[in-house]
Amino acid sequence: MLRNRATMNRLITSIGVVGMCLSLQVKASQDAPVVLLSKKEYVVQWKATAIQQMALYKIPASITLAQGILESGSGNSQLARLGNNHFGIKCHGWEGKTMFMDDDEKGECFRVYDAAEDSYKDHSEFLTVNKRYNALFELKSDDYKGWAKGLKAAGYATSSSYAEALISIIEELKLDEFDKNALRENGLVVDNTAESEVSHLTIYSANKVKYIIAKEGDTFYRISREFDMALWQLYRYNDFGPKKDVLEEGDVVYLQPKKRRTTSKSIKTESELTPRELSQKYAVKLEPLMRRNEFSSPDQLLPIGEKVILR
């Protein structure tokens, strides 16, 4: 994470693109005036995106906005303006565009996004897939103080006052109202234990992963537009197989990355299923499921009563 506010104003030394032997030198223009956003203006611009991410990932919109304000200087940092990176997320295996600048160490690598909205999505996924943040998702979606303290405890930032800074921003701007009034303001319901409603589709949860059940006439494209997702995300989050071109009524469609394991150690199949179908049923990624059970093919039919190891 970008922890040193002073480094936000330093010149970017280079932008690298994975797979290309090209290095571009980038610097902020000295002639073009920069219009700085206030914290309130930043909230107006990004509150809808933060609430949308809250509905999909259970991360309080107040926390997302406060982190965006703190990490990006209300969207005014060079990393935010030139790299569309509002959360100071470093590369960590990132295969997209990159930006190098000084932070805790010199010349550290940061992710670069085509659009700032992608930064918001990646922030949500970053917290969701990293195990060290798992405890946060046991908290209520409107417990912004618990989230702020949990982020600090999990090592999101090194500053000893990080949690207090987030809480101060949230209370100064009353950002917690977005958590409490998400349904009234945006037609979204966020519930950690039951169902939530986005438009006409009901969001369920399996293995702490959000999914919907496809209805007649649903398509990948329609669902991606409904939930403001890229098509590649739907394909990556689900294990339908290369021949799955059309959704069928009753198909489970995950809106978040599935987990590598479940809380249950193993199950016995109650019907004939393939590993691919098991992956969708229990919200566990196909690759570790295959490796754990030494399955020969993701489409092999498993008999009733087959013991399947889930973790």
Q: Hey, can you tell me all the residues within the range 115-133 that are among the small types (Gly, Ala, Ser) and either under 14 Å from the mean Cα position of the chain (by Cα) or in a helix (DSSP H, G or I) (or both)?
A: Ala116, Ser119, Ser124
Q: Within the range 274-296, track down each residue that is closer than 16 Å to Ser205 by Cβ, assigned to a helix (DSSP H, G or I) and either of a type in the set (A, V, I, L, M) or not assigned by TED's automatic domain parsing to the domain that holds Pro257 (or both).
A: none
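Within the range 134-155, does at least one residue satisfy the condition of being touching a strand residue (DSSP E or B) at 6+ places or on another chain (Cβ under 7 Å), assigned by TED's automatic domain parsing to the domain that holds Thr49, among the aliphatic types (A, V, I, L, M) and not in a helix (DSSP H, G or I)? Lay out the reasoning, then the answer.
First, pick out the residues of the range 134-155 that are touching a strand residue (DSSP E or B) at 6+ places or on another chain (Cβ under 7 Å): none.
For the range 134-155, residues touching a strand residue (DSSP E or B) at 6+ places or on another chain (Cβ under 7 Å), assigned by TED's automatic domain parsing to the domain that holds Thr49, among the aliphatic types (A, V, I, L, M) and not in a helix (DSSP H, G or I): absent.
Give Tyr221, Tyr211 a once-over and let me know the one that is modelled with pLDDT of 85 or more and not in a loop (DSSP other than H, G, I, E, B). So that I can check it myself, show each step before the final result.
Numbers: Tyr221 fails: modelled with pLDDT of 85 or more.
Criteria check complete, one pass: Tyr211.
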Q) Does the range 61-70 include one or more residues that are modelled with pLDDT of 95 or more and at positive phi? A) no
Q.
List pairs: first residue in the range 202-215 and within 17 Å of Lys285 (Cα to Cα), second residue small (Gly, Ala, Ser) anywhere in the structure, Cβ distance under 7 angstrom, at least six positions apart or on different chains.
A. Ala206/Ala283; Asn207/Ala283; Val209/Ala283
Q: Tell me, please, whether a residue that is part of a loop (DSSP other than H, G, I, E, B), assigned by TED's automatic domain parsing to the domain that holds Met290 and free of Cβ contacts under 8 Å to residues at least 12 places away in the same chain can be found in the range 255-270.
A: no
Q. Right, Pro288: without any contact (Cβ under 8 Å) to a residue 40 or more places away in the chain and not aromatic (Phe, Trp, Tyr) or not?
A. yes
**Q.** Cβ pairs under 9 Å, 6+ apart, first in the range 224-240 and over 15 Å from Ala214 (Cα atoms) and among the small types (Gly, Ala, Ser), second at pLDDT 85 or above and assigned to a helix (DSSP H, G or I)
**A.** Ala230/Asp118; Ala230/Lys121
(Q) For a quick check of your reading of the model, give me the residue pairs whose first member lies in the range 141-161 and is touching a residue at least 12 places away in the same chain (Cβ under 8 Å) and surrounded by 21 or more Cβ atoms within 10 Å (Cβ to Cβ), whose second is assigned to a helix (DSSP H, G or I) and of a type in the set (Val, Ile, Thr), with beta-carbon atoms closer than 6 Å and at least 6 apart or on different chains. (A) Tyr144/Ile63; Tyr144/Ile170; Trp147/Ile63; Ala148/Ile167
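The values are calculated or read from the model by the stated rules, or taken from the named source; none is laboratory data. Since the model is a prediction, treat every value here as computed from it, not as a measurement. So basically every Cβ, Gly included, is an ideal-geometry build from the backbone, and we count neighbours across all protein chains shown.
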